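Okay, so here's the structure we're looking at.
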Amino acid sequence: MKEMEEDHFEAHIRGVAAHLLDNFGDHSFMISNFGIRDEESPIYHILSEYGMTVLDYPGHYEGCPLLTMVMVNCILKSSESWLSLGQRNFLIMHCEQGCWPILAFMLAALLIYLGQYSDEQKTLDMLYKQSPVELLEMF
């Protein structure tokens, strides 16, 4: 069963990558992947084959979804740098199962850091209002 899930995941990610390249072939992609592993994720190996830059960020500390402040700062600076290089640079944020709170926090932090939003609570509320109900029920 797990092997079938892994095959489905790989096929799905390859389909997404092909779709992005078909529609935005002249763009560059950087993917921030928030996961639970300390080693490279499957998404890293798959998307690297398509010439996409994947940065894996382990998002668990003693079983809790959490990033260090040093890691948060690194993610914000590298994301800003990537996006400032040109309008043809896309930043994609992805999270593995169990890391949704980290993704939501980092997206809110990035929007505030880039000056797109100024109120922290309103930014987090906006993200959670757009989230699927199933994800919110898990937390």
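Filtering segment 21-37 to residues that are part of a loop (DSSP other than H, G, I, E, B) and either surrounded by 20 or more Cβ atoms within 10 Å (Cβ to Cβ) or within 18 Å of the chain's Cα centre (by Cα) (or both) leaves His27, Ile36, Arg37. Considering segment 40-53, and only residues there that are open to solvent by 60 Å² or more (accessible area, probe 1.4 Å) and in contact with an Asp or Glu (Cβ under 8 Å, 6 or more places away or on another chain), the residue that is nearest to Gly25 (Cα to Cα) turns out to be Tyr44. Output yes when any residue across segment 88-108 is touching a Phe, Trp or Tyr at 6+ places or on another chain (Cβ under 7 Å), at pLDDT 95 or above and not hydrophobic (A, V, I, L, M, F, W, C), and no when none is. Yes, some residue in segment 88-108 is touching a Phe, Trp or Tyr at 6+ places or on another chain (Cβ under 7 Å), at pLDDT 95 or above and not hydrophobic (A, V, I, L, M, F, W, C).
Take the conditions (1) part of a loop (DSSP other than H, G, I, E, B); (2) surrounded by 13 or more Cβ atoms within 10 Å (Cβ to Cβ); Ser118 misses just one of them, which is (2).
The residue of segment 87-113 that is farthest from Met30 (Cα to Cα), among those that are of a type in the set (A, V, I, L, M) and without any contact (Cβ under 8 Å) to a residue 60 or more places away in the chain, is Ile112. Would you confirm whether any residue within segment 54-73 is surrounded by fewer than 14 Cβ atoms within 10 Å (Cβ to Cβ) and assigned to a strand (DSSP E or B)? Yes, there is a match, as at least one residue in segment 54-73 is surrounded by fewer than 14 Cβ atoms within 10 Å (Cβ to Cβ) and assigned to a strand (DSSP E or B). In segment 99-115, the count of residues that are surrounded by 15 or more Cβ atoms within 10 Å (Cβ to Cβ), hydroxyl-bearing (Ser, Thr, Tyr) and part of a helix (DSSP H, G or I) is one or more. Of all residues in segment 22-39, exactly one satisfies the criterion of being in contact (Cβ under 8 Å) with a residue 24 or more places away in the chain and farther than 24 Å from Tyr57 by Cβ, namely Asp26.
Screening segment 114-129 for residues that are under 17 Å from the mean Cα position of the chain (by Cα) and hydrophobic (A, V, I, L, M, F, W, C) and picking the one that is nearest to Met30 (Cα to Cα) gives Leu114.
The values are calculated or read from the model by the stated rules, or taken from the named source; none is laboratory data. Worth saying up front: this structure is predicted, and the values here are computed from it rather than measured. Glycine gets a Cβ as well: all are built from the backbone with ideal geometry, and neighbour counts include every protein chain shown. Just so you know, the surface numbers come from the protein's heavy atoms only, side chains and all, with ligands and any DNA or RNA stripped out. Shrake-Rupley method; radii C 1.70, N 1.55, O 1.52, S 1.80 Å.
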